[in-house]
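What follows draws every value from the coordinates through simple rules; no lab data is involved. In this text, all values refer to a predicted model and were calculated from it rather than measured experimentally. All Cβ positions, even for glycine, are placed from backbone atoms using ideal geometry, and neighbour counts span all protein chains on display.
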Amino acid sequence: MIPAVPVRQWVLSLPKRLRWHLHRDPALTTAVLRLFLRAVERTLLTHTKTAPAGARMGAVSFIHRFGAALNPHTHYHCCVTDGMSSGDASGVHFHTNTLNPAGIQQVQETVRQRTLRLFQRRGLLTHDKEIAGWAEDGAKRAAARPQTEPKAKTG
């Protein structure tokens with residue numbers, strides 16, 4: 001359960017060539033989700049100045065397996081607390097972040113690089129030349145796209 005704190009939705013969608021592998025391989029789908037959430041959490045921690053080193057984010061993830069036309073389109077929706085939580089003897093504390101567009105871009109690039117390396121390690125992509133053109137077109141789809149303004153959860 002996420003407390004009444006600001007929440008940001010992050011969406012990760014990959015290029016079509018990679019989605020096919022996600023659709024067929026549940027372990028790969030999970031691995032991509034983990035590296036995505038790890039990148040988001042590390043970036044949030046660096047942009048949350050008041051949070052101690054052991055602070056954690058809260059997140060709920062949804063793996064969508066189809067697009068609006070019921071076509072296979074594995075992608076991720078993650079509702080993430082827009083800050084970090086920590087606890088001590090006095091209770092649980094929420095630390096707001098100062099995430100800016102540069103921080104979001106940092107998550108995008110980290111996720112893109114790590115996802116492509118993961119696919120290469122598993123033999124699903126053969127070489128950088130195969131993905132060189134993705135820098136301008138498809139690679140941007142392999143990125144986190146949060147709402148521009150966090151929305152506080154109500155109710």
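Brief remarks follow.
- If the condition is being among the hydroxyl-bearing types (S, T, Y) and closer than 19 Å to P6 by Cα, then the range 36-93 contributes T43, T46, T48, T50, S61, T81, S85, S86.
- Residues located in the range 82-129, provided they are acidic (D, E) and within 23 Å of T48 (Cα to Cα): D82, D88, E109
- Hey, N97 farther than 30 Å from L125 by Cβ and not aromatic (F, W, Y) or not: yes
- Scanning the range 92-108 for residues that are farther than 11 Å from T46 by Cβ, touching a residue at least 12 places away in the same chain (Cβ under 8 Å) and within 15 Å of the chain's Cα centre (by Cα) yields I104, Q108.
- Tally, over the range 1-41, of residues that are in contact (Cβ under 8 Å) with a residue 12 or more places away in the chain, in a helix (DSSP H, G or I) and within 26 Å of A102 (Cβ to Cβ): 9
- Positions within the range 1-52 being exposed (fewer than 14 other Cβ atoms within 10 Å of the Cβ), among the small types (G, A, S) and farther than 17 Å from Q120 by Cβ, in sequence order: A4
- The set of residues in the range 39-49 that are farther than 14 Å from C79 by Cα and either of a type outside the set (D, E, K, R) or within 8 Å of the chain's Cα centre (by Cα) (or both) comprises A39, T43, L45, T46, H47, T48.
So that you can scan it fast, the table gives a plain yes or no per residue for (1) under 27 Å from A27 (Cα atoms); (2) touching a residue at least 40 places away in the same chain (Cβ under 8 Å); (3) part of a loop (DSSP other than H, G, I, E, B):
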site: L44; (1), (2), (3): yes, yes, no
site: A53; (1), (2), (3): no, no, yes
site: F62; (1), (2), (3): yes, no, no
site: H73; (1), (2), (3): yes, yes, no
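Conditions tested, residue by residue: (1) surrounded by 14 or more Cβ atoms within 10 Å (Cβ to Cβ); (2) within 15 Å of L14 (Cβ to Cβ); (3) within 15 Å of the chain's Cα centre (by Cα).
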{"site": "G54", "(1), (2), (3)": "no, no, no"}
{"site": "A59", "(1), (2), (3)": "yes, no, yes"}
{"site": "Y76", "(1), (2), (3)": "yes, yes, yes"}
{"site": "S90", "(1), (2), (3)": "no, no, no"}
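- Checked against the criterion of being within 30 Å of D25 (Cα to Cα), not in a strand (DSSP E or B) and not aliphatic (A, V, I, L, M), the range 79-100 contains not a single residue that satisfies it.
- A69 falls short on exactly one of the conditions (1) surrounded by fewer than 14 Cβ atoms within 10 Å (Cβ to Cβ); (2) within 24 Å of R122 (Cα to Cα), and that condition is (2).
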